[in-house]
């Protein structure tokens, strides 16, 4: 599948995953930095891992961005049969779409409707649908979001500027090491003539976490 | 509830439903060592050396003070070291010596003996 670059994550910095690789090393190494290298080198010396595996996995991590999830959502909006397969088995449908899962996790896709708004969280740590969205934002891993999303989701959503009407149910799904979630946002009105690429461009990371709705404005430039 | 009861009922990671501050929408590009640490976690999982749940438990076992004060990937690498010690894959002295060697190498110093 072709990567696409619609600048759909303003201020998020996923556009240049390779640019910073050397910069951090200019700073003097710190305790934990040294510990990471020492652990890794010892495991390699003991032949428990291969030297190349870490580098290859960094490439895998760099290849995973919310653009992948956005393409899945756009396809689901356009293809009802794909959407049905996606909701039935998120992992299998993503794999069919060409997104490999590099871990043992299952993926449950949660569809937002007129009556239900979904939000995902990991209260215990930071479980996240990494194969389709990449690494989670820091706020997803920090205490305020983890603690509050399950007890006062409407207040949390309001802090993201998202007001859910009282007659819409808010469902919060708490991720685990084995089961991850992805929100299928509602397709906004006014997108009836959008192409698949144009639709993907308005699907941001945060819409797939469920903290904001997909909006036409999110895509920025449109012909 | 007694003052210590909550410590028993709530391990450090178990914060769902607790009162907390407003969301700060912070993000940062991972440092190179943080990205390597993440890749290491995945590779350890692939090889069934440390799986995701063992990692989560390992972080929890650091205790509330370290969970509160160390950064995200700092918690991970310390948890990995502890788990590898417990599984007798690494020994603490071995890691200490290797860390001295890495530090000396990065500082451009010659490593003297071991």
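Per the conditions (1) over 23 Å from residue A:148 (Cα atoms); (2) under 15 Å from the mean Cα position of the chain (by Cα); (3) part of a loop (DSSP other than H, G, I, E, B); (4) at the interface with chain A (Cβ under 7 Å from one of its Cβ atoms), the sole criterion not satisfied by residue B:29 is (2). Of the residues in the range A:38-70, how many are more than 19 Å from residue A:128 (Cβ to Cβ), buried (at least 21 other Cβ atoms within 10 Å of the Cβ) and either touching a strand residue (DSSP E or B) at 6+ places or on another chain (Cβ under 7 Å) or at pLDDT below 95 (or both)? Final tally of qualifying residues: 0. Quick one: would you say residue A:171 is without any contact (Cβ under 8 Å) to a residue 24 or more places away in the chain, in contact with a strand residue (DSSP E or B) (Cβ under 8 Å, 6 or more places away or on another chain) and surrounded by fewer than 21 Cβ atoms within 10 Å (Cβ to Cβ)? No. Evaluated against (1) within 14 Å of chain B (Cβ to nearest Cβ); (2) surrounded by fewer than 23 Cβ atoms within 10 Å (Cβ to Cβ); (3) closer than 26 Å to residue A:216 by Cα; (4) in contact with a helix residue (DSSP H, G or I) (Cβ under 6 Å, 6 or more places away or on another chain), residue A:126 falls short on exactly one condition, (3). Scan the range A:93-107 and give yes if some residue there is on the phi > 0 side of the Ramachandran plot and surrounded by fewer than 20 Cβ atoms within 10 Å (Cβ to Cβ), otherwise no. Yes - at least one qualifying residue is present in the range A:93-107. Checking A:156, A:73, A:132 one by one, the residue that is over 16 Å from the mean Cα position of the chain (by Cα) and either assigned to a helix (DSSP H, G or I) or surrounded by 17 or more Cβ atoms within 10 Å (Cβ to Cβ) (or both) is A:156 and no other.
The values are calculated or read from the model by the stated rules, or taken from the named source; none is laboratory data. From a predicted model like this one, the values you see are computed outputs, not experimental measurements. Every residue, glycine as well, gets a Cβ built from its backbone with ideal geometry; the counts of neighbours run over all protein chains shown.
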